[in-house]
1. Here is a list: 97, 141, 90. Which entry is more than 20 Å from residue 32 (Cα to Cα) and free of Cβ contacts under 8 Å to residues at least 60 places away in the same chain?
2. Find the residue count for region 135-150, including only residues that are at pLDDT 90 or above, in contact with a helix residue (DSSP H, G or I) (Cβ under 6 Å, 6 or more places away or on another chain) and over 17 Å from residue 41 (Cα atoms).
3. Is it the case that residue 113 is closer than 30 Å to residue 44 by Cβ and surrounded by fewer than 14 Cβ atoms within 10 Å (Cβ to Cβ)?
4. Out of the residues in region 35-58 meeting the condition of being touching a strand residue (DSSP E or B) at 6+ places or on another chain (Cβ under 7 Å), under 13 Å from residue 131 (Cβ atoms) and in a helix (DSSP H, G or I), tell me which one is modelled with the highest pLDDT.
């Protein structure tokens, strides 16, 4: 099978009607994330907004991965992390097209959030995090809408997969 046939097969598989639904989910999650970040960047640069006793909006630029882990000023490490994230996204896209329904939906939600954060890494060289969840003096990591979608997707995947595993045991 030559490269042209493989490319044609992938193109035909991606644009099947059933897959348009998952592409739409990815785009909705991506654009919700972009919208929230653009509003925060425009309004809250160098400001903190008190929302209630548990949540503040405070713009923080994260050069690491989720929740500020692996933050670095090294362009080499930043580049390696960005390439790794891109490869994970491509793998998840592959999984969307070869998994069963419930996993396709979960992977689509994760991909939408991951692409939102990847976009920021490429365009801004950091990801804008702004949701500061806290209780009195304890503050959780600052995060954004994409992180919420990714976390919900991963937790749901673990939960659904564990149920599937228990049924098979």
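1. On inspection, the qualifying residue turns out to be 90.
2. Summing the residues that are at pLDDT 90 or above, in contact with a helix residue (DSSP H, G or I) (Cβ under 6 Å, 6 or more places away or on another chain) and over 17 Å from residue 41 (Cα atoms) in region 135-150 gives 2.
3. no
4. 37
The values are calculated or read from the model by the stated rules, or taken from the named source; none is laboratory data. Everything numeric here is computed off the predicted structure, so don't read it as measured data. Because the Cβ atoms are built from the backbone with ideal geometry, glycine has one as well, and the counts that use them run over all protein chains shown.
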